[in-house]
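Below: the structure, in structure tokens.
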Amino acid sequence: MKKKKILSLRPSQLAMSLLEVEIKTKEYKKMSPKKLKKTLSEEPVPVVQAPNGDLYLIDNHHKTCALWMAGVKSVYVKVVYRFPKSVSYREFWRRMIKNHWAHPFDTRGNGPVDSLYFPKDIRGIGNDPYRTLAWLCRQHGGYKNSKKTFAEFKWANYFRKKRLLKSSYLTDFRLGLKKALVAARHPDARRLPGYMGKDEI
């Protein structure tokens, strides 16, 4: 387990919830130096090593961004796979997507986006209001936490299709959340990860 500078880690997604990052940032800032150090050592960030040696985040983008916003410059990483140097750039990204290590969709859910448009570090990841709505919905019991990859992005796209937010730049999610909590229990969402249905209200 090695320690790497946060800004040296390449993102494997283009969108996230900035509200979630903001809240996580406040939580990290409240931690004592001792507790923060323990948290960092016990929860390494999973990465894969690209053929050129670059390290790509394959999870914990919100956590990593929040830590950086909280003033943390480096994190422990766990390399889960090292790509052979012989693998081409195109093949690298094909495998990243196939293995669900990359989410090539932008802040409006459009994609797949060409790998050339992925940001160089976590500062370049955009804000997706519907990803925020999906996170808030789970936090308020709309659906269960799921270990399936990109679960909250799937919920975000479900809510996006229903146009539960009036504007992509909406910052007040109270009304949208009320609608999302109802939509999350609807049979239309039964195939989404963490779906609970009306029986579990």
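Evaluate the following for Ala183: is it surrounded by 15 or more Cβ atoms within 10 Å (Cβ to Cβ), within 18 Å of Ala15 (Cβ to Cβ) and in contact (Cβ under 8 Å) with a residue 24 or more places away in the chain? No.
When region 127-145 is filtered for residues that are over 13 Å from the mean Cα position of the chain (by Cα) and either among the acidic types (Asp, Glu) or surrounded by fewer than 18 Cβ atoms within 10 Å (Cβ to Cβ) (or both), the ones remaining, listed by number, are Gln139, His140, Gly141, Lys144, Asn145.
Here is a yes/no grid of residues against (1) touching a residue at least 40 places away in the same chain (Cβ under 8 Å); (2) over 24 Å from Phe83 (Cα atoms); (3) in contact with a His (Cβ under 9 Å, 6 or more places away or on another chain):
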site: Asn99; (1), (2), (3): no, no, no
site: Ala102; (1), (2), (3): yes, no, no
site: Thr107; (1), (2), (3): yes, yes, no
site: Val113; (1), (2), (3): yes, no, no
site: Leu116; (1), (2), (3): no, no, no
site: Asp121; (1), (2), (3): yes, no, no
site: Pro129; (1), (2), (3): yes, yes, no
site: Cys137; (1), (2), (3): yes, yes, no
site: His140; (1), (2), (3): yes, yes, no
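Could you tell me whether region 113-122 includes any residue that is more than 28 Å from Val75 (Cβ to Cβ), touching an Asp or Glu at 6+ places or on another chain (Cβ under 9 Å) and not basic (Lys, Arg)? No - not one qualifying residue is present in region 113-122. Only one entry of Arg95, Arg123 meets the criterion of being of a type in the set (Lys, Arg) and in contact with a Leu (Cβ under 8 Å, 6 or more places away or on another chain), and that entry is Arg123. Here region 1-16 is the region considered, the condition is being aliphatic (A, V, I, L, M) and under 25 Å from Val113 (Cβ atoms), and the residue that is surrounded by the fewest Cβ atoms within 10 Å (Cβ to Cβ) is Leu7.
The requirement of being small (Gly, Ala, Ser), modelled with pLDDT of 95 or more and more than 20 Å from the chain's Cα centre (by Cα) is fulfilled somewhere in region 169-192, by at least one residue. If you go through region 135-155 and keep only what is more than 13 Å from Leu177 (Cβ to Cβ) and either hydrophobic (A, V, I, L, M, F, W, C) or not in a loop (DSSP other than H, G, I, E, B) (or both), you end up with Phe150, Ala151, Glu152, Phe153, Lys154. Lys78 meets all of the listed conditions (1) buried (at least 16 other Cβ atoms within 10 Å of the Cβ); (2) modelled with pLDDT of 95 or more; (3) within 20 Å of Leu55 (Cα to Cα) but one, namely (1).
Scanning region 31-53 turns up no residue that is buried (at least 17 other Cβ atoms within 10 Å of the Cβ), closer than 17 Å to Arg123 by Cβ and out of contact with any strand residue (DSSP E or B) (no Cβ under 6 Å at 6 or more places or on another chain).
The values are calculated or read from the model by the stated rules, or taken from the named source; none is laboratory data. Just so it is clear, the model here is predicted, and its values are computed rather than measured. So basically every Cβ, Gly included, is an ideal-geometry build from the backbone, and we count neighbours across all protein chains shown.
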